[in-house]
Amino acid sequence: MKADSLDVTGQVAEIRDVASSIRMIRFDVPSGILNLEAGAHVTFDVPKGDRIMTRSYSVVDDGRHPDKLTIAVKSEEQSKGGSRYMWSLEPGDSLHISANGNAMPPTYLASDFVVLAGGIGVTPMTGMARTLKRTGKPVRMIYCARSAEEAAFVSELREVLGDNLDMRYDSDKRFLDIPELLETVSMDTVVFMCGPQGLMEAMKSAWAERELPVQNLRYETFANSGIHPTRPFQVTVAETGRTIGVSEDETLLDALLASGHDVLSDCRRGECGLCKVHVVEATADIDHRDVFLSPMERARNDCLCACVSRLNGGHMTVNIDDILHGRTG
Ligand code: FES
């Protein structure tokens, strides 16, 4: 079954803190529906007052309960409501769950594999390491975390990878040396990575500099956390003339949808650009938290990805129709 066909109610079966700020949550789901490939995301309906927000999480495959759906959620200080709600769940609670695809499906056409995870980016890599290992080809994983207390699923990964799991803790000053790592890859090595934007950008530039095959660097991004604190703001939709408030615990996309405006969206993680809206005027800075817009688009400040980016307080007017959804610069 493909990831996009999942549409079920799940019931919380188990909750466990697997690192100092990462909580694993397992869900009982109807039998026979779980066949999600490594890297798949699932989306949860998260209630907020009388509204429903949605939040996406990577599926975790720690090899323990293949009959259950497992995710792991980092506790975010700047939570817009998603992680706070997921951390408040208790066994027996029910949630609607759907699937929203896979930005990093596995490929097996390689001589060997490197899996690179940073922080909460380990979640999709639990399944990726397990899946790649089944190919019989060499697989090694580098997992960067602030400290041992902040690293999740290490023993499960160690069971799969043995000495080919290389833990890099900032607390031990064992930082990743990307040029050194790339000295060890060949033109046929495929690298899968997921982690903080700084790590991913450094890897992408070093990869390009060495002229390694573009298709052999596969990654999933998490939207960045922005440069401003999360503040409420007002938005006027030019097409309808209506002004709505966006509270600090909801996204612009959720606020627009809840008020009856029709806005396209897909990933809800700042990756695909489908939810891009045009900014006509703004009285405060736009906090771009996506990983889709080009540097030129960000500099122009005339659009934003409504699923993650927001205004640093104040008011803005947007166009939600007649917008090119690809990059425009
Ligand atoms: S829905 Fe994909 S960037 Fe917003």
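The values are calculated or read from the model by the stated rules, or taken from the named source; none is laboratory data. Treat the numbers as computed from the prediction; the structure is a model and nothing was measured. Methodologically, a virtual Cβ is constructed for each residue, glycine included, from the backbone with ideal geometry; neighbour enumeration extends over all protein chains shown. Areas reflect the complete protein model, heavy atoms only, side chains present, ligands, DNA and RNA absent. Shrake-Rupley method; radii C 1.70, N 1.55, O 1.52, S 1.80 Å.
Conditions (1) part of a strand (DSSP E or B); (2) open to solvent by less than 50 Å² (accessible area, probe 1.4 Å); (3) within 28 Å of Pro213 (Cβ to Cβ), marked per residue:
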site: Met125; (1), (2), (3): no, yes, yes
site: Ile142; (1), (2), (3): yes, yes, yes
site: Leu161; (1), (2), (3): no, yes, yes
site: Asp166; (1), (2), (3): yes, yes, yes
site: Phe175; (1), (2), (3): no, no, yes
site: Val190; (1), (2), (3): yes, yes, yes
Of the residues Ala206, Ala202, Ala255, only one is in the same structural domain as Leu293 (by TED's automatic domain parsing), free of Cβ contacts under 8 Å to residues at least 40 places away in the same chain and assigned to a helix (DSSP H, G or I); which? Ala255
Any residue in segment 26-34 that is closer than 26 Å to Glu149 by Cα and under 19 Å from the mean Cα position of the chain (by Cα)? yes
Here are some conditions: (1) within 11 Å of the ligand (Cβ to nearest atom); (2) loosely packed, with under 13 Cβ neighbours inside 10 Å; (3) aliphatic (A, V, I, L, M). Ile227 meets all but one. Which one does it not meet? (1)
Test Glu239 against the criterion of being assigned by TED's automatic domain parsing to the domain that holds Thr283, farther than 23 Å from Tyr108 by Cβ, in contact (Cβ under 8 Å) with a residue 60 or more places away in the chain and touching an Asp or Glu at 6+ places or on another chain (Cβ under 8 Å), and give yes or no. yes
Picking from Val246, Val237, Val318, Val291, the residue that is within 25 Å of the chain's Cα centre (by Cα) and under 23 Å from Arg51 (Cβ atoms) would be Val246
Does Ala206 satisfy the criteria of being open to solvent by less than 70 Å² (accessible area, probe 1.4 Å) and either under 24 Å from Tyr57 (Cα atoms) or within 16 Å of the ligand (Cβ to nearest atom) (or both)? no
Segment 242-284, residues that are of a type in the set (A, V, I, L, M), within 11 Å of the ligand (Cβ to nearest atom) and either closer than 12 Å to Met316 by Cβ or open to solvent by less than 40 Å² (accessible area, probe 1.4 Å) (or both): Leu252, Leu253, Val263, Val277
If a residue must be surrounded by fewer than 19 Cβ atoms within 10 Å (Cβ to Cβ) and under 16 Å from Leu95 (Cβ atoms), how many such residues does segment 15-27 contain? 1
Considering residues that are among the small types (Gly, Ala, Ser) and near the ligand (Cβ under 10 Å from one of its atoms), the number found within segment 285-320 is 2
Filtering segment 206-240 down to residues that are at pLDDT 90 or above and at positive phi yields Glu211
Taking segment 308-319, which residues are at pLDDT 90 or above and crowded, with 21+ Cβ neighbours inside 10 Å? Ser309, Arg310, Leu311, Met316, Val318
